[in-house]
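The values are calculated or read from the model by the stated rules, or taken from the named source; none is laboratory data. Predicted model, so just to flag it, every value in this text is computed and none were measured. With ideal geometry, Cβ positions are generated from the backbone for all residues, glycine too; neighbour counts draw on all protein chains shown.
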Amino acid sequence: MPLAAGFEICAKCAKSPPRFGKARALFLYATSARAHTDVLGSIIRRHKYGPNQALSAVLAELIEDGLPIEPEYDVIMPVPLHHRRLLKRGFNQAALLAAVLSRKLCCRLDVTTLIRVIATSPQTAQDFDSRRRNVHNAFAVRYPQRVADRKVLLVDDVLTTGATVNECARVLRLCGAAGIDVLTIARAI
């Protein structure tokens, strides 16, 4: 995935370009055996899977201190959760992060246009191809006129393989989005 630090493009992206433009992450975090010592990964997992939303403030502070983008977007959209997962979890961690970005960049936040229409299984333990198949056709655009000819900043907490944001970008492009970039707190290594 293209990253802000170094602007490197991975071999998979060079071979099969993603549907989004730039993907920026504020930090890298480990998903391998060394993950147990990774403080950021621990915070992200506890924020995502734990009931304590207070960690949103910590992650929001990281965003505000290290934001690697200019305010060049028409709309900010979080990667949506399926309504059943949202009900179970009680919040969408990507929407909380997108709200912080919206305020910081003085840009419109839209949490209703991009929706998840299929309750996919968690991506965590899946490889690249499985992740891609898992999210294929899982998203839809409810109000196409809100993305037509607009530059969209898609927000999520973590970018691992890019399968989820790529599928979101695919459906946004089908509805005429002028451009889609991605911003996450962390990029898995």
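Quick look at the values:
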item: Test: residue in region 131-142 that is within 15 Å of the chain's Cα centre (by Cα), within 20 Å of residue 25 (Cβ to Cβ) and small (Gly, Ala, Ser); result: no
item: Residue satisfying condition, being touching a helix residue (DSSP H, G or I) at 6+ places or on another chain (Cβ under 7 Å), at pLDDT below 70 and on the phi < 0 side of the Ramachandran plot, within set 51, 18, 71; result: 71
item: Hey, residue 44 part of a loop (DSSP other than H, G, I, E, B) and either surrounded by fewer than 19 Cβ atoms within 10 Å (Cβ to Cβ) or modelled with pLDDT of 70 or more (or both) or not; result: no
item: Selection count, region 81-99, where residues are part of a helix (DSSP H, G or I) and under 14 Å from the mean Cα position of the chain (by Cα); result: 7
item: Residues that are touching a Phe, Trp or Tyr at 6+ places or on another chain (Cβ under 7 Å) and aliphatic (A, V, I, L, M), drawn from region 164-188; result: 165, 169, 171, 180, 182, 185, 186, 188
item: Complete set of residues in region 149-166 that are β-branched (Val, Ile, Thr) and at pLDDT below 90; result: 158, 160, 161
item: Selection from region 150-173 of residues that are of a type in the set (Asp, Glu) and in contact with an Asp or Glu (Cβ under 6 Å, 6 or more places away or on another chain); result: none
item: Set 99, 30: member being modelled with pLDDT of 75 or more, under 14 Å from residue 185 (Cα atoms), surrounded by fewer than 19 Cβ atoms within 10 Å (Cβ to Cβ) and not hydroxyl-bearing (Ser, Thr, Tyr); result: 99
item: Matching residues, region 138-165, being among the small types (Gly, Ala, Ser) and touching a Pro at 6+ places or on another chain (Cβ under 7 Å); result: 162
